[in-house]
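Engineer: Shown below is the structure under consideration.
Nothing in this text is a laboratory measurement; each read-out follows from the coordinates by a stated rule. Please read these numbers as outputs of a predicted model, since none were measured by experiment. Note that each Cβ is placed from the backbone with ideal geometry, even for glycine, and that neighbours are counted across all protein chains shown.
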Amino acid sequence: MKQEKTQVVIVGGGPNGITAAHFMGMYGIDCVVLELADGILPYPRAVGMDDEALRVLQGIGIAELAVRDMICDVPLRYYNARGVCFAEVKPSAAQYGWPMRNIFMQQLLEGTLRERLGQHASVQLRQGHELLELEQDEHGVTLQVRDAAGEVYALQADYVIGADGGRSTVRKQLGIELLGLTHPRKWVVVDTANDTLDAPYTALHADPQRPFVCIYLPYQQRRWEFMLMEGEDEAKMCEEATIRQLIHGHIGDAVDQLNIIRIRAYTHHSRVAARFVQGRVALVGDAAHISPPWAGQGLNSGLRDVANVAWKLAAIIQGRAAPSILASYDQERRGHATELVALADNMGAVLGLTNPLMAGVRDWLFQAVNSVDNLRSHLLEFKFKPKATITKGLVYHERAELREDDLVGQLFIQPNIEDAQGQRRRLDEMLGSGYAVLGYRVNPRDQLSQPMAEYWARWGTRFIQVNRSRSGVGRNQPLTATDALSVEDVDNRLGEWFSKVRDCIVVVRPDRFVAAITTPERLDGVLRKLAEQLS
């Protein structure tokens with residue numbers, strides 16, 4: 001049997017797997033992606049992307065390309081049985097540098113991701129290759145793989161990422177249980193083209209007679225989703241004539257010009273793997289957690305997984321960090337993924353009420369919420385979405401007792417800044433692909449000891465002094481900092497952030513989470529604590 005060796009094998013070539021491959025390529029890691037399918041499915045699957053996920057794509061240089069095929073800042077509306085909008089989610093904030101609600105089509109994103117994968121010489125995408133068996137020991141992982149011609153070969157790797165979906169072979173090979181429930185009601189998903197309906201939003205119609213969803217997609221396409229009611233025949237409900245009749249009830253004769261791309265019935269699951277890491281194998285995306293679609297967080301959650309685990313694997317393989325840090329991926333991600341599945345369950349329960357009395361109570365409650373300013377703002381800005389917060393993991397809290405306003409372990413903001421050449425840029429473009437240490441109106445290198453300077457240089461750490469806008473002596477003479485980059489806080493967003501934390505230095509991880517907040521005097525000790533966690 002032919003034997004090959006690489007550093008990382010990614011099983012699954014969907015958006016999560018290919019994004020992980022981009023990170024491996026960016027860090028110079030030898031990587032093989034195994035994907036059973038020969039090509040990309042030609043119809044939409046995931047259709048919603050949030051600001052955090054776009055920021056992950058920004059980290060691999062894909063966000064600007066991906067946004068070209070997206071509709072940004074799309075509202076989400078809830079309608080009652082009378083067709084009256086009783087709740088709306090319409091966020092306008094962009095604290096992470098991107099719009100919060102964006103509609104896309106997965107096949108277009110996958111095409112963009114794959115087109116750009118060729119820029120990484122260390123990455124191979126093998127289509128038509130199927131994982132048969134997986135074994136691991138303290139030295140590595142061995143995979144038995146069948147190629148597109150039917151030949152079986154052995155592939156040895158230092159680490160494996162399982163990104164192979166809800167029916168994950170990797171997870172099954174490891175014997176990891178998928179905990180949760182399967183929802184009793186199926187939904188029929190219908191994708192259409194040649195759409196002319198003037199409804200530029202995502203509409204969740206909470207009609208107790210038949211809840212349905214209507215999603216505005218790019219390029220004159222639209223998705224309809226209908227709940228299957230008790231006793232209905234699935235095959236009959238998936239016939240095109242039945243679907244056209246259902247849609248006709250909402251848009252009339254305009255249904256005649258629609259092209260039906262696909263019709264498929266789905267069973268919804270709410271499940272989370274018992275663990276995300278086992279030995280040298282990590283699960284991401286649907287292999288680790290499966291969510292109903294109502295919060296639009298399935299793919300977004302998977303991209304968060306990738307951002308968390310990719311830099312850690314690269315650091316381990318390149319000898320900058322101990323293998324033990326891989327365990328922090330489970331510690332940092334599983335809780336938040338579970339919370340997002342619960343959010344989707346709750347939103348689905350609101351949408352899927354079929355008892356008219358209970359639906360009436362729901363509508364009345366939302367109407368009451370809309371009459372209270374702070375509650376309406378909470379709904380509009382999507383603030384009910386659980387925020388990813390790392391309390392235990394590769395972060396350092398200087399205070400023994402955590403406070404509600406402690407921003408350590410949260411995603412750092414991404415405002416616009418101006419670089420030394422006066423160019424307006426998103427902050428992450430200055431942070432690089434490793435750790436970054438930012439000082440507000442101070443140079444974070446000034447009081448750093450030589451041992452700490454040498455240690456963090458091995459991580460490619462960038463030290464950045466953040467100055468107020470126009471704080472130099474002239475347009476072409478901004479403030480500079482010795483052995484550090486210097487940027488100007490053109491919109492005062494960083495100044496506002498630092499005023500909240502009351503300290504002037506922040507340490508930011510490669511995945512843009514805040515690793516620590518401190519002062520110049522304590523920075524050396526804090527960096528030593530972080531180094532101990534990584535060693």
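Engineer: In whole Hz, with x marking every Gly and Pro, tabulate ³J(HN,Hα) for the range 492-508 from phi via Karplus 6.51 cos²θ - 1.76 cosθ + 1.60, θ = phi - 60°.
Structural biologist: 3J(HN,Hα) across the range 492-508, in whole Hz: 6, 6, 5, x, 5, 5, 5, 5, 6, 8, 6, 10, 10, 10, 10, 9, 10.
Engineer: Within a Cβ distance under 12 Å of ARG424, other residues only, what is the Lys/Arg minus Asp/Glu net charge?
Structural biologist: Working: positive: ARG425, ARG426; negative: GLU418, ASP419, GLU429, GLU488, ASP489, ASP491.
Combined, the nearby Lys, Arg, Asp and Glu give -4.
Engineer: Taking the highest mean first, how do the peptides 180-186, 25-31, 54-60 order by number of other beta carbon atoms within 10 angstrom per residue?
Structural biologist: On the way: 180-186: 13.3, 25-31: 20.3, 54-60: 23.7.
Most protected by this proxy first, the peptides run 54-60, 25-31, 180-186.
Engineer: Would you calculate, for the chain, the mean residue ellipticity at 222 nm contributed by helices, counting each DSSP H stretch of 4 or more residues as -39,500 (n - 2.57) and dividing by all residues, to the nearest 500?
Structural biologist: Counting only the DSSP helices, I get -9000 deg cm²/dmol.
Engineer: Apply the a/c threshold of 1.5 to the C-alpha gyration tensor of the range 33-118 and tell me whether it is rounded, prolate or oblate. Provide the component values of the computation, followed by the final result.
Structural biologist: Values: a/c = 3.32, a/b = 1.60, b/c = 2.08.
Taking the square roots of the gyration eigenvalues as a ≥ b ≥ c, the range 33-118 is oblate.
Engineer: For LYS90, give me every one of the aspartates and glutamates with a C-alpha distance below 16 angstrom, ignoring sequence neighbours fewer than eight places off in its own chain.
Structural biologist: By straight Cα distance, LYS90 reaches ASP50, ASP51, ASP73, ASP373, GLU381.
Engineer: May I ask you to derive the relative contact order of the range 280-338, considering only C-alpha pairs under 8 Å and at least 6 residues apart, and to give it as an integer percent?
Structural biologist: On the way: 33 pairs, mean separation 17.8, N = 59.
Relative contact order for the range 280-338 comes out at 30 percent.
Engineer: What is the fewest-to-most order of LEU303, LEU41, LEU117, LEU527 by other Cβ atoms lying within 10 Å of their Cβ?
Structural biologist: Numbers: LEU303 24, LEU41 12, LEU117 20, LEU527 27.
Ascending Cβ contact count within 10 Å gives the list LEU41, LEU117, LEU303, LEU527.
Engineer: Students often check this: by mean Cβ neighbours within 10 Å, which of 288-295, 339-346, 77-84 ranks highest, and how do the rest follow?
Structural biologist: Details: 288-295: 25.6, 339-346: 18.6, 77-84: 15.4.
Peptide ranking by packing, descending: 288-295, 339-346, 77-84.
Engineer: Once you keep just the Cα pairs under 8 angstrom separated by 6 or more residues, what percentage relative contact order results for the chain? If you can, show how the numbers build up before the last one.
Structural biologist: Working: 1112 pairs, mean separation 76.3, N = 535.
Taking the mean separation of contacting Cα pairs over the length of the chain, I get 14 percent.
Engineer: Something else about it: Hey, what do the phi angles of the range 103-108 turn into as Karplus ³J(HN,Hα) couplings, whole Hz, using 6.51/-1.76/1.60 and θ = phi - 60°, x for Gly and Pro?
Structural biologist: Ordered by residue, 3J(HN,Hα) equals 10, 9, 10, 4, 5, 6 Hz.
Engineer: Would you please classify the overall shape of the range 416-534 from the alpha carbon gyration tensor, given that a ≥ b ≥ c denote the square roots of the eigenvalues, rounded means a/c under 1.5, and beyond that prolate means a/b larger than b/c while oblate covers the rest? Mind showing how you got there, number by number?
Structural biologist: Working: a/c = 1.70, a/b = 1.63, b/c = 1.05.
Since a/c reaches 1.5 and a/b is larger than b/c, the shape of the range 416-534 is classed as prolate.
Engineer: When a/c is below 1.5 the answer is rounded, else prolate if a/b is larger than b/c, else oblate, so apply that to the chain with a ≥ b ≥ c taken from the square roots of the Cα gyration tensor eigenvalues.
Structural biologist: On the way: a/c = 1.92, a/b = 1.30, b/c = 1.47.
Verdict is oblate for the chain.
Engineer: Which whole-number percent gives the relative contact order of the range 416-534, counting Cα pairs below 8 Å spaced six or more residues apart? Display every interim value, and only then the final one.
Structural biologist: Numbers: 202 pairs, mean separation 35.5, N = 119.
Worked out over the range 416-534, it gives 30 percent.
Engineer: Shifting gears a bit: Per-residue HN-Hα couplings for the range 517-533, Karplus 6.51 cos²θ - 1.76 cosθ + 1.60 at θ = phi - 60°, whole Hz, x for Gly and Pro?
Structural biologist: 10, 7, 10, x, 5, 9, 4, 4, x, 5, 5, 5, 5, 5, 4, 5, 5
Engineer: Given LYS236/LYS385; LYS5/LYS529; LYS5/LYS392; LYS385/LYS500, which pairs have Cα atoms separated by over 27 Å?
Structural biologist: Over 27 Å Cα-Cα: LYS236/LYS385; LYS5/LYS529; LYS5/LYS392.
Engineer: In straight Cα distance, which lysines are under 26 Å from LYS2, not counting same-chain residues fewer than 8 positions off?
Structural biologist: Straight-line reach from LYS2, under 26 Å: LYS172.
Engineer: Also, quick follow-up: If you rank ARG171, ARG424 by fewest surrounding Cβ atoms within 10 Å, what's the result? Show your work: numbers first, answer last.
Structural biologist: Working: ARG171 26, ARG424 11.
In order of increasing Cβ crowding within 10 Å: ARG424, ARG171.
Engineer: Given H placed on each backbone N at 1.01 Å, which residues far from THR6 in sequence or on other chains put an amide H within less than 5 Å of it?
Structural biologist: Long-range HN contacts for THR6: GLN156, ALA157, ASP158.
Engineer: For ARG426, ARG101, what's the fewest-to-most ordering of other Cβ within 10 Å of each Cβ?
Structural biologist: Working: ARG426 18, ARG101 22.
Starting with the residue having the fewest Cβ neighbours, the order is ARG426, ARG101.
Engineer: Could you order the peptides 124-130, 248-254 from most to least packed, using the average number of other C-beta atoms within 10 Å per residue?
Structural biologist: 124-130, 248-254
Engineer: Net charge near GLY319, counting Lys/Arg +1 and Asp/Glu -1 over other residues with Cβ under 12 Å of its Cβ?
Structural biologist: Numbers: positive: ARG320, ARG458; negative: ASP158.
In short, +1.
Engineer: Give, as a single signed number, the net charge of other residues whose beta carbon lies under 13 Å from the beta carbon of ALA265, with Lys and Arg counted +1 and Asp and Glu -1. Let's see the in-between values first.
Structural biologist: Working: positive: ARG185, LYS186, LYS236, ARG262, ARG264; negative: GLU225, GLU232, ASP233, GLU234, GLU239.
Local net charge: 0.
Engineer: Please list, ordered by chain and number, the residues whose modelled amide H lies under 5 Å from the amide H of GLY48; skip anything fewer than 5 residues away on the same chain.
Structural biologist: Close amide H contacts, sequence-distant or interchain: PHE104.
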